[in-house]
1. Out of the residues in the range 195-254 that are closer than 29 Å to F305 by Cβ and among the aromatic types (F, W, Y), which is nearest to the chain's Cα centre (by Cα)?
2. Take A148 and decide whether it is in contact with an Asp or Glu (Cβ under 9 Å, 6 or more places away or on another chain), surrounded by fewer than 23 Cβ atoms within 10 Å (Cβ to Cβ), hydrophobic (A, V, I, L, M, F, W, C) and modelled with pLDDT of 95 or more.
3. Taking the options E146, E79, E178, name whichever one is outside any loop (DSSP other than H, G, I, E, B) and not hydroxyl-bearing (S, T, Y).
4. Looking only at the range 264-295, filter to residues that are surrounded by fewer than 16 Cβ atoms within 10 Å (Cβ to Cβ) and of a type in the set (D, E, K, R); which one of those is farthest from the chain's Cα centre (by Cα)?
5. Could you check E298 against (1) part of a strand (DSSP E or B); (2) surrounded by fewer than 22 Cβ atoms within 10 Å (Cβ to Cβ) and say which number it fails?
6. In this structure, does E169 turn out to be at pLDDT 95 or above, in contact with a Pro (Cβ under 6 Å, 6 or more places away or on another chain) and in a loop (DSSP other than H, G, I, E, B)?
Amino acid sequence: MTLPFRGKSHGKSHTALTCVVVAMVAGLSACSGAEGTGNASGPPASGSRPMQPAVRSPACTATAKLIPSCGAWWGIAPEVFTGAPVEQALAGAEARMGSGADVVHVYHRGGELFPTRAETRLARDPARPRLLMVNWKPSLEHTWAEIARGRIDRRIDRLAAHLRRHFPERFFLTVHHEPEDDVRTAPGSGMQAADYAAMYRHVVQRLRAGGVRNAVMVMTYMGVPNWSSERWFEELYPGDDVVDWVAMDPYADDRVRDFDGLVNKTRAEFPQWPGFYRWTQARFPGKPVMVAEWGVFERPHDRSFKRRFYESVSRQVQRYPQIKALLYFDSPHAPRGDTTFDSDPGADRSFGELARDPYFRATPVPSP
């Protein structure tokens, strides 16, 4: 589905406590097995509820790859397509749900430098530090093959220098998320699945050569049956050495009834596809999984659907221990509908309860 880079279309079909010192343990399997400016101190959004403090366990820590040892990170892309600057948007979303976010999902493209000053302030908030999930499309003018051959190396090097100077903290970074429906299978298109893998590898390796060591790399798929059943699907993967987390962007459309169905979407016409979570269990048993965008669309004929869906997340999320982060896409104007979590009182109440679930409140966010 078409989802945004803040304030711009990117052409896709589609807590309170400062934490304890993080145990910087190397390796991916340590836990997985078990621009804007604005003022965040502005008035709370209409209908906001009192912020509830998060009680974190000092026994729970995060690894060097930002894998929480207990539960999962709770995150949000706040008030997207509203025009609100990121600090104002996050303040509004947190006030509406009555709880803070561990992870803030932000969008950039082309030569934009990140994190911005506003995003850096959110990450370094002494009262409530947040992790950043930066979603970056390096170029909309060049093919994946051209990027892999070095056409935008100056842009990548400039970003690396910016990160070295201004943002040493660890953060999540995904490169050209949801590539499936951008694949062009014609020979020489520069947009074949193998070209994507080469582009991703080149970007990561170039950033690392430029001194960037704090980016935790996320490979983000759409994760839907029709694209995942294509013969070239496996060719998209850039390699374990450049991917730390694997992510999906599922939405609760008319085919989805609950959280189980969201993370394991299947369709009868694609019988070979087992569902994304099942696929990750078999394909990447040692890597953490992120639900990097998820949202529940309004159903005018069933006004209680959002409420019931959020309740299903509370009941079912612990069945998926490999999922270590859940980031909601909060927008009144998403391309296929309204995904605001508080569009009716029942949904508002159940989403707020989900945001405060102890499962998402166990591991402290690493301090800057």
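The values are calculated or read from the model by the stated rules, or taken from the named source; none is laboratory data. Bear in mind the structure is a predicted one, so any value in this text is a computation, not a measurement. Reconstructed Cβ throughout: ideal geometry from the backbone, glycine too, with neighbour counts over all protein chains shown.
1. Y221
2. On the way: in contact with an Asp or Glu (Cβ under 9 Å, 6 or more places away or on another chain): yes; surrounded by fewer than 23 Cβ atoms within 10 Å (Cβ to Cβ): yes; hydrophobic (A, V, I, L, M, F, W, C): yes; modelled with pLDDT of 95 or more: yes.
So A148 passes the test.
3. Answer to the selection: E146.
4. E269
5. Against the list (1) part of a strand (DSSP E or B); (2) surrounded by fewer than 22 Cβ atoms within 10 Å (Cβ to Cβ), E298 comes up short only on (1).
6. Yes: the conditions hold for E169.
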